[in-house]
1. Consider segment 55-78. How many of its residues are surrounded by 14 or more Cβ atoms within 10 Å (Cβ to Cβ), of a type in the set (Ser, Thr, Tyr) and within 21 Å of residue 138 (Cα to Cα)?
2. May I ask you to list the residues in segment 47-96 that are closer than 18 Å to residue 27 by Cα, hydrophobic (A, V, I, L, M, F, W, C) and in contact with a helix residue (DSSP H, G or I) (Cβ under 6 Å, 6 or more places away or on another chain)?
3. Between 53, 46, which is among the acidic types (Asp, Glu) and touching a Gly at 6+ places or on another chain (Cβ under 9 Å)?
4. Within segment 81-91, how many residues turn out to be within 10 Å of the ligand (Cβ to nearest atom) and either part of a strand (DSSP E or B) or within 24 Å of residue 1 (Cα to Cα) (or both)?
5. Can you tell me which residue within segment 5-34, out of those that are more than 10 Å from the ligand (Cβ to nearest atom) and free of Cβ contacts under 8 Å to residues at least 12 places away in the same chain, is nearest to residue 129 (Cα to Cα)?
6. If you check residue 98 against the conditions, is it over 12 Å from the mean Cα position of the chain (by Cα) and within 12 Å of the ligand (Cβ to nearest atom)?
7. Among the numbered conditions (1) within 16 Å of the ligand (Cβ to nearest atom); (2) touching a strand residue (DSSP E or B) at 6+ places or on another chain (Cβ under 7 Å), tell me where residue 111 comes up short.
Amino acid sequence: ARILVLHGPNLNLLGTREPDIYGRTTLADIHAAMEARAKAEAVLVESFQSNHEGQLIDRVQAAAAESVSFIIINPAGYTHTSVALRDALAAVAIPYVEVHLSNVHAREPFRRHSYFSDRAAGVICGLGAYGYMAALEFALSRLREAQP
Ligand code: DQA
């Protein structure tokens, strides 16, 4: 089984980007932890970060052909703007969990609206890097249920 982890713009800077808000854990740290956890269940975790909306859309479209069974996505700034990335997820119809490191409800009002939440299996925010691990546990449990 395969799980795709998508990271939107500026998340390549995790670790040094506004550490008071986003923490000091890097994207590489997050990926390593997720990979190790998934390996124990013989599940493949692939991570993809892009600062470009079209590249994220292309990656979602490719996931359908690669038989990815679950997506964990932090759309970052595109959370609040991207109808196109939302449409891509709807098109491939792969279940996803939306993750935000920060508590988007405790920040600027424009961060409260997400183009992804109403179609997500679930939404995690404010738990920092741990949110990705929580999303992964959920995805793994879903995959276990799907297996006979
Ligand atoms: C974010 C929250 C977004 O509002 C912001 O644009 C980000 C990161 C988070 O993980 O907390 O880039 O998705």
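The values are calculated or read from the model by the stated rules, or taken from the named source; none is laboratory data. Since the model is a prediction, treat every value here as computed from it, not as a measurement. Glycine also receives a Cβ, built like all others from the backbone with ideal geometry; neighbour counts cover every protein chain displayed.
1. 1
2. Selection gives 48, 56, 72, 76.
3. On the way: 46 fails: touching a Gly at 6+ places or on another chain (Cβ under 9 Å).
Matching residue, one of 53, 46: 53.
4. Going residue by residue through segment 81-91, those that are within 10 Å of the ligand (Cβ to nearest atom) are 81.
When the remaining residues are screened for being either part of a strand (DSSP E or B) or within 24 Å of residue 1 (Cα to Cα) (or both), the result is none.
Residues that pass the stated criteria total 0.
5. Ranking the candidates gives 24 first.
6. Numbers: over 12 Å from the mean Cα position of the chain (by Cα): no; within 12 Å of the ligand (Cβ to nearest atom): yes.
Here the answer is no, as residue 98 does not meet what is asked.
7. Here residue 111 meets the rest and fails (2).
Results for (1) modelled with pLDDT of 95 or more; (2) crowded, with 19+ Cβ neighbours inside 10 Å, shown as yes or no for each residue.
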residue: 53; (1), (2): yes, no
residue: 85; (1), (2): yes, yes
residue: 103; (1), (2): yes, no
residue: 112; (1), (2): yes, no
residue: 127; (1), (2): yes, no
residue: 132; (1), (2): yes, yes
residue: 136; (1), (2): yes, yes
residue: 148; (1), (2): no, no
